[in-house]
Every structure is written in C-alpha cells, then in structure tokens.
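Novice: This is the structure, below, for whatever I ask next.
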Amino acid sequence: AAPYLLRRSKREVAPELPEKIEQVLYLDLTQDQKDCYEQVRRSAENELDKMADSGATEGAMRMKTLTQLLRLRQTCCDPRLVNPDLESYRSCKMNAFRELLYNCLEGGHRMLVFSQFVQVLKLLKVELQSANLPFCYLDGSTTDRMAQVDRFQEDESIPVFLISLKAGGTGLNLTAADVVVHFDPWWNPAAEAQATDRAHRIGQDKQVNVYKFITSGTVEEKVLELQKGKRKLLEQVFDESE
C-alpha cells in the first residue's frame, strides 16, 4: 500500500534557514514562592481527599484535579496569581525574565514571549510599562491582531512582543524577533513548536534562540516529561509511515 502520511522537514523545505537553538532554563523557586506552592499543594490534596471520602464521582474528581493542577502551574509562573499581595520579585520567573530582557536589549535582540496565562502576560505588561519599554501585545481578545504584528515587524525600537500561546501560536510571521521565551510549559509540544516557528521561518536571517522557563521540583517538570513522551510517540508514527 502506498504511504498514507508524507512528511517533509523544515530543513528540506528551507535549507537556508539559520539554526534554532533551544535551551531549558531550570529555575529555583524563591522562598515565598516555595511556601505558596506548598500551601496550594497541601490544600489541593486535602480537598481531593475530602471529595473522595464523600463519594464524589470520577468526573467531579477529575475536574477538581485539573483545577488544582492549574493553580500549581500558576504559582510556578508568579505567586501573585494566587496571592496578589506578594511583590513581583517573589517570582523566580519574573526575575529570570528581567535578566534575559536586559541581556537581549544590550545585544540588540528582539523577543517573543509566550504564555498560556493571560494574567501572566498582564503582569509582564506592567513590568515593561514600569521600565518605560515599548511592546506589542496579543491575546484572544485583541481586535487589531495584524496591526500589532505589522507594528512589531516594522518598528525596530520595539524589543518585546507578549503573546498568548493559543491566540498567537499559528498564522503569524514574526521574523523580526530572534529570541523566543516560553514562560510556562504546555503539555502539547507541537503547540510550543508552532509558537516558536512564528520567528523561525522563511524570511528569518538570524539564529533563533529559544528559552523555556521551568521551575525545578514542581509540576512543571512533570509537564516536561509529558512533552517528551508525546514527542517520542509522534516520532514513532512518522518513522513507521516512512
């Protein structure tokens, strides 16, 4: 039987494309962030135990588990998402973002920052505004989507584009950036790859550096393991079809 799945790699389609270098940055939670994470984790376990003891249905337990995992992932990004009274420097990711941002500014680089949490993008927005840095912004509620893209592509004085992973993961040409930051991991590696490829595509003439922020010893490491399993499964599917 003829192959039913044909695949061409990007290297075959666009051999002139510069290299893409991906790096996982493992970050240690700040003490306040660690305390907040443990508090959320203990609270989640207690709530799930109570639900199990009261005879909750499997569906209800699953929904509650997903909600609690979401809260843990939010805490990894910035504890202010669960405790608004904390300061911005209590987030190890926000501190890492600041350091990377100023290194990029010094080197003349421009960056795309992806997060699946709109609340995180809004915190980053405040961070950039307080530093008087221009930026572009896109999430699911953005009405001038292409205007934001064109502005970033044409105006070299704008160093940062903040983008929601789901709203900006496909269909955008953002080759003016040569640095991509994934502020938080998403379970589907293909979604992250598509987002990265907003910058690493035909028309890009610089090497693209991709940074993934992962907090050590947290649920984010489990998400990373999940990604590896899914990536391996996809590779096996492609190998079999060949």
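Novice: Pull out all pairs, ordered by first then second residue, where Cβ-Cβ is under 8 Å, the residues are six or more apart or on different chains, the first lies in region 36-65 and is acidic (Asp, Glu), and the second is assigned to a helix (DSSP H, G or I).
Specialist: GLU47/LYS64; GLU47/GLN68
Novice: Pick from region 198-242 the residues that are assigned to a loop (DSSP other than H, G, I, E, B), touching a helix residue (DSSP H, G or I) at 6+ places or on another chain (Cβ under 9 Å) and crowded, with 19+ Cβ neighbours inside 10 Å: which of them is modelled with the lowest pLDDT?
Specialist: That would be HIS200.
Novice: Out of all the residues in region 100-117, which are more than 22 Å from ASP32 (Cβ to Cβ) and either assigned to a loop (DSSP other than H, G, I, E, B) or out of contact with any helix residue (DSSP H, G or I) (no Cβ under 9 Å at 6 or more places or on another chain) (or both)?
Specialist: Hits for region 100-117 are TYR102, ASN103, CYS104, LEU105, GLU106, GLY107, GLY108, HIS109, ARG110, GLN116.
Novice: Can you tell me which of GLN236, GLN204, GLN194, GLN227 is without any contact (Cβ under 8 Å) to a residue 24 or more places away in the chain and not β-branched (Val, Ile, Thr)?
Specialist: Every option except GLN236 fails the conditions.
Novice: Of all residues in region 98-125, count the ones that are within 29 Å of ALA190 (Cβ to Cβ) and of a type in the set (Ser, Thr, Tyr).
Specialist: 1
Novice: Continuing with this model, one more query. All but one of (1) under 17 Å from the mean Cα position of the chain (by Cα); (2) open to solvent by less than 40 Å² (accessible area, probe 1.4 Å); (3) under 14 Å from VAL181 (Cα atoms) hold for CYS104; state the number of the condition that does not hold.
Specialist: CYS104 satisfies all of (1) under 17 Å from the mean Cα position of the chain (by Cα); (2) open to solvent by less than 40 Å² (accessible area, probe 1.4 Å); (3) under 14 Å from VAL181 (Cα atoms) except (1).
Novice: Go through region 107-132 residue by residue and tally those that are crowded, with 17+ Cβ neighbours inside 10 Å and among the polar types (S, T, N, Q).
Specialist: 2
Novice: Within region 133-149, work out how many residues are open to solvent by less than 60 Å² (accessible area, probe 1.4 Å) and among the small types (Gly, Ala, Ser).
Specialist: 1
Novice: From the set of residues in region 150-171 that are open to solvent by 50 Å² or more (accessible area, probe 1.4 Å) and under 18 Å from the mean Cα position of the chain (by Cα), which is modelled with the highest pLDDT?
Specialist: Looking at the filtered set, the residue picked out is LYS166.
Novice: Taking helices (runs of 4 or more DSSP H) that fall entirely within region 1-99, which contain at least 2 residues that are more than 27 Å from GLU192 (Cβ to Cβ) and within 26 Å of the chain's Cα centre (by Cα)?
Specialist: The helices (runs of 4 or more DSSP H) meeting that bar are 31-53.
Novice: Any residue in region 172-191 that's at pLDDT 90 or above: show its pairings with residues that are open to solvent by 20 Å² or more (accessible area, probe 1.4 Å) and among the aromatic types (Phe, Trp, Tyr) at Cβ separation under 8 Å, as long as the two are six or more apart or on different chains.
Specialist: VAL179/TYR211; VAL180/TYR211; VAL181/TYR211; HIS182/TYR211
Novice: Okay, next question. Taking the condition of being over 16 Å from ALA177 (Cβ atoms), in contact with a Leu (Cβ under 7 Å, 6 or more places away or on another chain) and either among the basic types (Lys, Arg) or modelled with pLDDT of 95 or more (or both), how many residues in region 122-149 meet it?
Specialist: 2
Novice: Name every residue in region 89-101 that is of a type in the set (A, V, I, L, M, F, W, C) and either within 24 Å of ALA176 (Cβ to Cβ) or touching a Phe, Trp or Tyr at 6+ places or on another chain (Cβ under 7 Å) (or both), in order of residue number.
Specialist: Of everything in region 89-101, those that are of a type in the set (A, V, I, L, M, F, W, C) and either within 24 Å of ALA176 (Cβ to Cβ) or touching a Phe, Trp or Tyr at 6+ places or on another chain (Cβ under 7 Å) (or both) turn out to be ALA96, PHE97, LEU100, LEU101.
The values are calculated or read from the model by the stated rules, or taken from the named source; none is laboratory data. As the structure is a prediction and not an experimental result, all values here were calculated from the model. Cβ: placed from backbone, ideal geometry, glycine included. Neighbour counts: every protein chain shown. Calculation scope for accessible area: heavy atoms of the full protein, side chains included, ligands and nucleic acids excluded. Shrake-Rupley method; radii C 1.70, N 1.55, O 1.52, S 1.80 Å.
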